[in-house]
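The values are calculated or read from the model by the stated rules, or taken from the named source; none is laboratory data. From a predicted model like this one, the values you see are computed outputs, not experimental measurements. Glycine also receives a Cβ, built like all others from the backbone with ideal geometry; neighbour counts cover every protein chain displayed. All accessible areas refer to the heavy atoms of the entire protein, side chains included, with ligands and DNA or RNA removed. Shrake-Rupley method; radii C 1.70, N 1.55, O 1.52, S 1.80 Å.
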Amino acid sequence: MTMRAYLAYCGKSFSKHISYRSEVWLRIIGNIVIMFIQVSIWKSLAASSPSHMLNISEMVTYSVITTSVMNLLMTRVYQSIDSKLQSGDICSDLQKPISYPWYLFFEQLGTVGFQLLFNVVPSILIALLLFGIQLPEASNLLPFLISLFLAMIISFLIGYLVALIAFWFLTTFALNWTLGALMTVFSGVFVPIWFFNPFWAELANMLPFQYLGYIPSAIYLGKIEQPYLILLQGCGWAATLLLVVNLLWWKAIKRLIVQGG
Amino acid sequence: MSVKLFFHFLKIIMRTRMEYRADFLLGMVGQILGYAANYLIVWLLLNRFTLIEGWAWPEMAFLISVNVLTYAIGASFTYSPMLSLEQLIIKGDLDKYLIKPINPFTYLIASFFNFGYIAHILISVVLLIWSLRNLDVHWGVFESIYFMFTLLSGSMLQAGGLILIGSWSLYFMKSQFMGDLYFKIKDVINYPISAYTAVIQIVLTWIMPLAFINYFPALYLLDKADNIALLLVPVIGPLFLLLTIFIWHRGIHQYQGAGS
C-alpha cells in the first residue's frame with residue numbers, strides 16, 4: 001500500500017513538470033550555454049598550453065557530463081520544505097501516514113525522471129552534434145552508472161540536511177548561497193579536481209561534494225584507477241549523512257512541536 | 001516621481017529590512033561565500049594555466065569584479081520589480097501600480113528597491129581595488145572619468161537586461177524560465193569574449209551588448225587594445241536602458257489591452 005502511495009507522489013511530481021513542458025527548450029538552451037562557455041574556455045586554454053597539460057576532447061566530455069549530472073541532483077529538496085515551513089503546511093504533511101523523508105525522496109525522483117527525459121537526454125544529443133563526446137570504455141560503464149545513482153542519493157541527503165538546518169534558521173536564503181558556493185568549487189562542476197593545486201585538491205577530496213559531478217565524470221573518462229574503491233567511500237559518505245540527517249530530524253521534529261505549542 | 005518621494009520609499013524598505021537584521025547579515029555571509037567561490041574557481045584555473053586568452057589573474061579579477069559590481073548596482077533597482085512582475089500579473093496585483101498618479105515604471109522601481117546587494121558590492125569592490133593595485137594601469141584624470149562612466153553605463157546595461165525579463169512577462173505572462181536562462185547567459189562575460197567563436201562575439205557586441213559591461217572597458221583601461229571606438233563604450237548603457245524602458249512601456253500597454 002505505502003509503496004503505491006510513494007509511487008503516486010513520484011508520478012504526481014513528474015506530471016507537474018510535464019505541465020511546464022513548453023519551457024523545456026529554455027532549460028535545454030541553458031544547459032547548452034553552460035557547456036558552451038566551459039568548452040570555449042577549455043579550447044582557449046588548450047590552444048595556449050602544452051598538449052600534455054590538457055586533453056581537449058577529454059575536457060569537452062567532462063563538461064557535458066558534469067553539466068548533465070547537475071540536472072539529476074536532488075539538492076533542491078530543501079526548497080520544497082522551505083515554503084511549507086513558512087506557511088505551516090508542513091504540519092499536514094507530517095500527519096500523513098507515510099514517512100516524510102521517503103515522500104520527499106519520491107517527489108524528487110519524479111523531478112529527476114522528468115529532467116532525465118526532457119532535459120538531459122536532449123541536451124546530450126545536441127552536445128554530441130555541437131561538441132562531440134568521447135565514449136566510455138566498457139569496463140567503466142557500470143561504475144559510472146553506480147556513481148550517478150550515488151550522486152542522486154548524496155545530493156538528496158545534502159539537500160535534506162540543509163532543509164533540516166532550516167528548521168532552526170527558518171529561511172534557506174543564506175544556506176542556499178553557501179551550498180551553491182560549496183558546489184561551485186568542490187563538486188568540480190567546471191574545473192576538475194585534478195587541476196586544483198595540492199591544498200584545494202586535498203580539501204575537495206575530504207568533502208562529499210566531489211560525488212555530485214567530479215567523480216561520475218572522472219569515472220566515465222577512466223581517470224580513476226580504482227573506481228569501486230571510490231564508490232565504496234561514497235557509500236560511506238551516504239551512510240554518514242544518513243546518520244546525521246536522522247539525528248537532526250529527531251531534534252527538528254521536537255523543535256517543531258515546541259514551536260507549535 | 002520626485003526624488004524626495006523615491007527616497008521616502010527607500011527609507012521604508014530599509015526599515016522593514018532591518019527588522020530582520022540577523023537574517024540580513026547571514027544572507028550577506030552566504031552571498032559573499034557564493035561569489036568568493038566564483039572567483040576561487042577562476043583563480044584555481046589560472047593557478048594551473050597562468051593565462052586565459054592572455055589575461056592573467058589580476059586582469060580576470062578586474063573583469064569579473066566590474067561585472068559583479070555593475071550587476072549589483074543595476075539589480076538593486078530592477079531585479080525585484082522585474083522578477084516579481086510574473087506573480088503580480090498572475091495575482092492581479094499589477095493593477096494597483098497602474099492606477100496611481102505616478103508613472104507605473106518608477107513606482108515599481110521605487111517600491112521594490114532591493115538593499116540586498118550590499119554583499120555583492122563589498123566583495124566586488126574589495127577584489128576590484130586589489131586587482132587595480134596589482135595591475136599596471138596609468139590612472140590620469142581621463143582614465144578615472146572614463147572608468148566612472150563605464151561603471152555607470154555597465155550598471156544601466158545590467159538594469160536594462162533585467163527590464164527585458166520583466167517585459168517578457170508582460171508579453172507572455174511566464175518569465176521565470178526566461179529569467180533562469182538569462183542568468184546562465186550572463187556568466188559568459190566573466191571570461192574575455194575573445195575565447196568564444198566569432199558569431200557569439202558579434203552577438204555579445206551588437207545584439208545582446210553584454211560585452212560593453214566589462215570586456216570593452218577592460219580592453220581600454222588595461223591597455224589590451226588601441227581602438228579609438230572604445231572611448232564610446234559609456235554611451236551604450238544609457239541608450240540600451242532607454243530602449244528597454246521603451247519596450248517595457250509598450251508591454252504595459254499591451255497588458256492593459258489584454259486584461260480588460
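Here are a few things to note about the model shown:
- Scanning the stretch B:47-64 for residues that are aliphatic (A, V, I, L, M) and open to solvent by less than 10 Å² (accessible area, probe 1.4 Å) returns B:I52, B:M60, B:A61, B:L63, B:I64.
- Residues of the stretch A:101-127 classified as over 16 Å from A:T75 (Cα atoms) and either open to solvent by less than 30 Å² (accessible area, probe 1.4 Å) or without any contact (Cβ under 8 Å) to a residue 24 or more places away in the chain (or both), total: 7
The rows are residues; the columns are (1) buried (at least 17 other Cβ atoms within 10 Å of the Cβ); (2) in contact with an Asp or Glu (Cβ under 9 Å, 6 or more places away or on another chain).
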| site | (1), (2) |
| --- | --- |
| A:S155 | yes, no |
| A:T184 | yes, no |
| A:S187 | yes, no |
| A:P192 | yes, no |
| A:N205 | no, no |
| A:P208 | yes, no |
| A:K223 | yes, yes |
| A:R255 | no, no |
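- Among the residues of the stretch A:1-17, those identified as of a type outside the set (G, A, S) and farther than 19 Å from B:L181 by Cα are A:M1, A:T2, A:M3, A:R4, A:Y6, A:L7, A:Y9, A:C10, A:K12, A:F14, A:K16.
- Restricting attention to the stretch B:14-45 and to residues that are closer than 16 Å to B:L127 by Cβ and open to solvent by 70 Å² or more (accessible area, probe 1.4 Å), the residue that is farthest from the other protein chains (Cβ to nearest Cβ) turns out to be B:W43.
- Pairs are defined by a Cβ separation below 8 Å, a sequence spacing of at least 6 or placement on different chains, a first member in the stretch A:179-195 that is facing another protein chain (nearest Cβ under 8 Å) and among the polar types (S, T, N, Q), and a second member that is in a loop (DSSP other than H, G, I, E, B) and buried (at least 20 other Cβ atoms within 10 Å of the Cβ); the pairs so defined are A:T184/A:F190.
- Checked against (1) more than 23 Å from A:L130 (Cα to Cα); (2) surrounded by fewer than 16 Cβ atoms within 10 Å (Cβ to Cβ), B:T197 meets all criteria but (1).
- The one condition from (1) surrounded by fewer than 18 Cβ atoms within 10 Å (Cβ to Cβ); (2) free of Cβ contacts under 8 Å to residues at least 24 places away in the same chain; (3) within 12 Å of chain B (Cβ to nearest Cβ) that A:I165 does not meet is (2).
- Residues considered: A:M59, A:M74. Of these, the only one that is within 26 Å of A:K223 (Cα to Cα), in contact with a Phe, Trp or Tyr (Cβ under 8 Å, 6 or more places away or on another chain) and more than 14 Å from chain B (Cβ to nearest Cβ) is A:M74.
- Residue match in the stretch A:28-50 (condition: under 21 Å from A:M183 (Cβ atoms), open to solvent by less than 10 Å² (accessible area, probe 1.4 Å) and more than 12 Å from every other protein chain (Cβ to nearest Cβ)): no
Residue-by-condition table, conditions (1) touching a helix residue (DSSP H, G or I) at 6+ places or on another chain (Cβ under 6 Å); (2) not charged (D, E, K, R):
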| position | (1), (2) |
| --- | --- |
| B:Q31 | yes, yes |
| B:L40 | yes, yes |
| B:L45 | no, yes |
| B:G54 | no, yes |
| B:E59 | no, no |
| B:N67 | yes, yes |
| B:G74 | yes, yes |
| B:S80 | no, yes |
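- Per this entry, B:L5 is counted among residues that are assigned to a helix (DSSP H, G or I), open to solvent by 10 Å² or more (accessible area, probe 1.4 Å) and within 30 Å of B:P234 (Cβ to Cβ).
- Taken together, B:L181, B:L170 contain a single residue that is of a type in the set (A, V, I, L, M), within 14 Å of chain A (Cβ to nearest Cβ) and closer than 30 Å to B:G92 by Cα, which is B:L181.
- Among the residues listed as B:V68, B:V42, the single one being in contact (Cβ under 8 Å) with a residue 24 or more places away in the chain, hydrophobic (A, V, I, L, M, F, W, C) and out of contact with any His (no Cβ under 7 Å at 6 or more places or on another chain): B:V42
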